[in-house]
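What follows is a set of notes on a single structure, which appears directly below.
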Amino acid sequence: TYFYGTFPEDFTWGVSSSAYQVEGGWNADGKGPSIWDNFTHVPGNIKNNDTGDVACDSYNKVEEDIYLLRALGVKNYCFSLSWSRIFPSGRNNSINNHGVDYYNRLIDGLVANNITPIVTLYHWDLPQALQDIGGWESSALIDLFDSFADFCFQTFGDRVKFWITFSEPQVIAWVGYGEGAFPPNVNDPGNAPYRVAHILLKAHAKVYHTYDDKYRASQGGVIGLCPNIDWVEPKTPSNPKDIEAADRYLQFLVGWFTHPIFKNGDYPEVMKWKVGNRSELQNLPSSRLPVFTAEEREYIRGTADVFCFNTYTSKIVTHATTRLRPFSYEYDQEVLTKVDSSWPSSAVTDHRAVAWGLRRLLNWIKEEYGNPPIYIIENGVGIKTKSDVDDNARIFYHKTYIDEALKAYKLDGVNLRGYNAWTFLDSFEWLNGYDPRFGLHQVDFDNPNRPRTPKRSAVYYAEIIRNNGIPLPKEDE
């Protein structure tokens, strides 16, 4: 049954995207190559050998995109900046004015239409020049990322009041450096992810302090980071081992980044204990999980004004005894996850629609982190078809997920401030190419002009925004 009601007056509704997935113009006007440009150019890396070379061509369609956003009635648009479009070499001695102009046009157009820009500084597309010096395994990136962020605050911060440092840091660390499925394709599951996460946290904190010290007083914005979270339900809710396993899963997935920032500047106890204990059993001289100094903990603690996150699905979890070798972040968790086959599937493996998981997740964040202001930055469903203008499954997905968010806000007192649908346009979906379509607008990727067509879900979402939620139908009042 649906719960009817509306969100607070100042609730912000939006859609999200990321630079590599929509912009195209991969080498236009002096842009430097990113690790994703180079990776997609190797045949066999991406389904159908798709690339983001043109993608939705948003680089050339600022006016059209803003027109569509305005028609949707969104209060905000979340997008990311391409680091190598602004600094082709990754460093501030190579400023590309064409890239800066592009983002200025986009930001000015949004502001002129009363659409708040939410800007992500890093959504996976590292300049290749910085990968060449070691990428996120190199602590040199802490200052280089800070220098990029500083330039962005200085250049765009008079109009941008909402910043996200990293989108899905766990994916950067684990999928990029553990599994090695994403560039830079480092396959070192037991060590590299922990080292990379350690550097990402320091880089995030440094950027937060730069904003705090140099820009907050004059610009008055907020800044956070945006982890990806799957809710996990214990298989047997009466079994303490399964409950612990569910918490442990969340601490390894999310707490890895949010515990240091929102709690005490340090990793979750269970992570320190598990990785430390297992490293000892593996006869290592010290834990594979790096240690923060007291100064670093103090520096990292409290470096987020808002709690942003992305979520798509839920899983079922049980405690498991895992092997000690090979060393792996995955084995360190000592859990087993599965899905319920009755949950509706989608174009992305294991992305199943489990709307009730969102309410539980929001309550978990509330309890775990002291009810911070929460923003859902990405939530949506991928459907595999050339044309899905009649996308009833997507309408159902958003309706049920938004309804669970409404319950969390109205019934549970969760401090939820915004909801963003993923995604604005059908986009390049990483390793899956253009197969899964997540957009509220269909894009014809076979047509060089990349025409956009609003789907039924766009019309539906516009109505939710206009009503500020899901009010009781007129005939039921």
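The values are calculated or read from the model by the stated rules, or taken from the named source; none is laboratory data. Just so it is clear, the structure is predicted and the values come from calculations on it, not from any experiment. All Cβ positions, glycine included, derive from the backbone under ideal geometry; neighbour counts span all protein chains shown. Note: accessible area is taken over every heavy atom of the protein model, side chains too, but ligands, DNA and RNA are not part of it. Shrake-Rupley method; radii C 1.70, N 1.55, O 1.52, S 1.80 Å.
Miscellaneous remarks
- Filter result for residue 119 (closer than 24 Å to residue 26 by Cβ, in contact (Cβ under 8 Å) with a residue 40 or more places away in the chain and in contact with a Phe, Trp or Tyr (Cβ under 6 Å, 6 or more places away or on another chain)): yes
- Residues of region 343-359 classified as without any contact (Cβ under 8 Å) to a residue 40 or more places away in the chain and farther than 16 Å from residue 396 by Cα, total: 2
- Qualifying residues in region 219-252 (those that are free of Cβ contacts under 8 Å to residues at least 12 places away in the same chain and either among the hydrophobic types (A, V, I, L, M, F, W, C) or assigned to a helix (DSSP H, G or I) (or both)) - the one nearest to residue 333 (Cα to Cα): 243
- Close pairs (7 angstrom Cβ cut-off, 6 or more residues apart or separate chains): touching a residue at least 40 places away in the same chain (Cβ under 8 Å) and at negative phi in region 360-379, surrounded by fewer than 23 Cβ atoms within 10 Å (Cβ to Cβ) and among the acidic types (Asp, Glu) anywhere: 363/412
Let's see how each residue does on (1) of a type in the set (A, V, I, L, M, F, W, C); (2) within 24 Å of residue 133 (Cα to Cα); (3) in contact with a helix residue (DSSP H, G or I) (Cβ under 8 Å, 6 or more places away or on another chain):
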site	(1), (2), (3)
2	no, no, yes
7	yes, no, yes
14	no, no, no
20	no, yes, yes
29	no, no, yes
36	yes, yes, yes
40	no, yes, no
43	no, no, yes
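- Residue pairs whose Cβ atoms lie under 7 Å apart, separated by 6 or more positions or on different chains, with the first residue in region 449-461 and open to solvent by less than 70 Å² (accessible area, probe 1.4 Å) and the second in a helix (DSSP H, G or I) and among the hydrophobic types (A, V, I, L, M, F, W, C), are 452/68; 457/395; 458/72; 460/395; 461/72.
- Once region 207-217 is narrowed to residues that are open to solvent by 30 Å² or more (accessible area, probe 1.4 Å) and touching a residue at least 60 places away in the same chain (Cβ under 8 Å), the residue that is farthest from residue 168 (Cα to Cα) is 214.
- Of everything listed in (1) in contact with a Cys (Cβ under 6 Å, 6 or more places away or on another chain); (2) farther than 18 Å from residue 166 by Cβ, the single unmet condition for residue 226 is (2).
- Against the list (1) in a loop (DSSP other than H, G, I, E, B); (2) in contact with a His (Cβ under 9 Å, 6 or more places away or on another chain), the condition residue 68 fails is (1).
- Selection status of residue 375, of a type outside the set (A, V, I, L, M), crowded, with 18+ Cβ neighbours inside 10 Å and over 20 Å from the mean Cα position of the chain (by Cα): no
- Of the residues 133, 164, the single one that is among the β-branched types (Val, Ile, Thr) and surrounded by 21 or more Cβ atoms within 10 Å (Cβ to Cβ) is 164.
- Condition check for residue 121: surrounded by 19 or more Cβ atoms within 10 Å (Cβ to Cβ), in contact with a strand residue (DSSP E or B) (Cβ under 8 Å, 6 or more places away or on another chain) and part of a strand (DSSP E or B): yes
- Filter pass, residue 277 being out of contact with any Cys (no Cβ under 7 Å at 6 or more places or on another chain), over 30 Å from residue 163 (Cβ atoms) and in a helix (DSSP H, G or I): yes
- Top-ranked residue of region 411-448 - restricted to ones that are touching a Pro at 6+ places or on another chain (Cβ under 9 Å), assigned to a loop (DSSP other than H, G, I, E, B) and over 26 Å from residue 350 (Cβ atoms), ranked as least open to solvent (accessible area, probe 1.4 Å): 415
- Checking residue 47 against (1) in contact with a Cys (Cβ under 6 Å, 6 or more places away or on another chain); (2) surrounded by fewer than 22 Cβ atoms within 10 Å (Cβ to Cβ), the condition it does not meet: (1)
- Count of region 167-206 residues which are part of a helix (DSSP H, G or I), open to solvent by 10 Å² or more (accessible area, probe 1.4 Å) and under 21 Å from residue 45 (Cβ atoms): 4
- Scanning region 400-427 for residues that are out of contact with any strand residue (DSSP E or B) (no Cβ under 7 Å at 6 or more places or on another chain) and of a type in the set (Lys, Arg) gives a single hit, 407.
- Meets criteria (of a type in the set (S, T, N, Q) and in contact with a Gly (Cβ under 8 Å, 6 or more places away or on another chain)) for residue 467: no
- Some residue of region 23-35 being part of a helix (DSSP H, G or I), in contact (Cβ under 8 Å) with a residue 40 or more places away in the chain, open to solvent by less than 30 Å² (accessible area, probe 1.4 Å) and more than 26 Å from residue 75 (Cβ to Cβ): yes
- Test set (1) more than 22 Å from residue 116 (Cβ to Cβ); (2) open to solvent by less than 50 Å² (accessible area, probe 1.4 Å) - residue 360 fails condition number: (2)
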